[in-house]
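Take a look at the structure below.
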Amino acid sequence: MNATTPPADAPGRVILLTTSHRVAPGLLSWPAWQALHGADAVLCADATHPQLPYLREAGVRVEQTSPTAQELVDACAGGRTVLVVATAEGDQALTDGLARLAGSGRVSMPDLELLPASYDLPGARLLDLVQVMDQIRDECPWSSQQTHKGLAKYAIEEAYELVEAIEEGDRDELREELGDVLLQVVFHARIAEEDEESPFSVDDVAGGIVDKLIHRHPHVFGDDSADTPEDVKAHWLRTKAQEKQRSSVTEGIPLGQPGLALAAKLASRVRTAGLEVTTPSGEGVGYELLALAVRAEAQGVDPEAALRGAARAYRDAVRAAEAGRGRTACD
């Protein structure tokens, strides 16, 4: 027996090769390619596995078969290495069977190795979201009929729920509400793909914001410098002004937002532009609230958030009063 020939009773080796469907087929790690070319046998249960054409093009002979755990162990007899290209479902029946054999103590088990051949990059699950949204749009009776206008109210609701999660400091709710807001973006982008006159996709949306971020951060992606948050804000406003070419600082402010937020946004634009504007005065609560909102913005306070905080305190006071009476208004 030469030095490279394993003994006849050697248990051999099983390699379970996993790949990510979020990475283009054929883009495998170097250890994966080494294992594929060095294995005595390469097996795959799925004849339509997206990796197979690339493996065969690289000279790897793949046998389409679904061995049982015992058959796989037997195939490793004599020190052979058998590599299994895992299917998208993960071949759980096979791995469970191998675990049972190993746990029985009655079988001389081959060495078992899990070898990831490709890894998800950060943000890879967004591809899953796009794919799921495609299927829902095509097959769900409700989702397939939705329009931008019909969904608009949900975008507002989800944004408020996100703000509430942030203000409450609930991390689990924050993660969930971020997902709900993200769903609105992907849903609207999916609907936009079907527009006959000016369609665009989620890739166009993402590409647009990437370009905007790079353009508005010359201190990160260019030769400009910014040492303070104020420098960054000045860069942003200057670049935005060049892009928009607006004739008034009030342009681009949505008038449909809550009144306190609207007043604060107008005051912020006025202050940033260095304008001298006298706050309008008049009779009624509206003008009083306007003056409060302008004053709050000048002090660096978000009047909308401040009012929500006060309203929550009021809610707690209401509940305390109800508890003191021993009943609620619904009793």
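Using helices alone, I'd like the mean residue ellipticity at 222 nm for the chain: each DSSP H run of four-plus residues gives -39500 (n - 2.57), total over residue count, nearest 500.
Computed ellipticity for the chain at 222 nm equals -17500 deg cm²/dmol.
How do 73-80, 199-206, 85-92 rank on mean C-beta neighbours within 10 Å, highest first?
73-80, 85-92, 199-206
Efficiency by 1/(1 + (r/R0)^6): what FRET value for residue 240 and residue 119, r their Cβ-Cβ distance, R0 = 45 Å, to the nearest 0.05?
My answer for the efficiency is 0.75.
If one takes the longest principal axis of the Cα atoms in the chain, at what angle in degrees, from 0 to 90 and to the nearest 10, does the Cα axis of helix 171-192 lie?
90 degrees
For region 75-216, place one equal point scatterer on every Cα, skip the solvent, and apply the Debye formula. What is log10 of I(q)/I(0) at q = 0.09, 0.12, 0.14 Å⁻¹?
Log10 I(q)/I(0), no solvent term: -0.53, -0.75, -0.86.
If you take every residue apart from residue 107 with its C-beta less than 12 Å away from the C-beta of residue 107, what net charge results, scoring Lys and Arg +1 and Asp and Glu -1?
Taking every Cβ under 12 Å from that of residue 107, the sum is +1.
Can you give the local net charge around residue 310? Use residues other than it whose beta-carbon is closer than 14 angstrom to its beta-carbon, Lys and Arg +1, Asp and Glu -1.
My count for the surroundings of residue 310 gives -1.
Mind listing the long-range amide H neighbours of residue 16? Cut-off is under 5 Å, sequence gap 5 or more, other chains count too, H placed in the peptide plane at 1.01 Å from N.
Residues meeting the amide H criterion: 84, 113, 114, 115.
Let me have the relative contact order for region 34-150, percent, based on Cα pairs under 8 Å that are six or more residues apart.
Normalised by residue count, the contact order of region 34-150 is 23 percent.
May I ask for log10 I(q)/I(0) of region 4-127 at q = 0.09 Å⁻¹, from a Debye sum over the Cα atoms as equal point scatterers with solvent left out?
-0.26
Could you give the accessible area per residue of region 59-218, probe 1.4 Å, as a whole number in Å²?
The answer is 64 Å² per residue.
Tell me which trypsin sites (Lys or Arg not before Pro) from region 236-316 have a DSSP coil assignment and no more than 15 other beta carbons within 10 Å of their own.
Passing sites in region 236-316 are 246.
Assuming R0 = 56 Å, can you tell me the calculated FRET efficiency for the pair residue 287 and residue 74, based on Cβ-Cβ distance, to the nearest 0.05?
Step by step, r from the Cβ atoms, then E = 0.05.
Tabulate in residue order the Karplus-calculated ³J(HN,Hα) for region 263-273, using 6.51 cos²θ - 1.76 cosθ + 1.60 with θ = phi - 60°, rounded to whole Hz; enter x for Gly and Pro.
Values, residue by residue: 4, 5, 5, 4, 5, 5, 5, 4, 5, 5, 7 Hz.
Compute the angle between helix 303-325 and the longest alpha-carbon principal axis of the chain, please, reported from 0 to 90 degrees and rounded to the nearest 10.
Helix 303-325 sits at roughly 90 degrees to that axis.
In Å and whole numbers, how far do the C-alpha atoms of region 239-309 stretch along each principal axis, longest first?
Extents along the principal axes, in whole Å: 37, 26, 24.
The values are calculated or read from the model by the stated rules, or taken from the named source; none is laboratory data. Given the structure is predicted, the values throughout are model-derived calculations rather than measurements. A quick note on method: Cβ atoms are made from the backbone with ideal geometry, for glycine too, and the neighbour counts reach across all protein chains shown. What goes into the accessible areas is simple: the full protein's heavy atoms, side chains included, and nothing from ligands, DNA or RNA. Shrake-Rupley method; radii C 1.70, N 1.55, O 1.52, S 1.80 Å.
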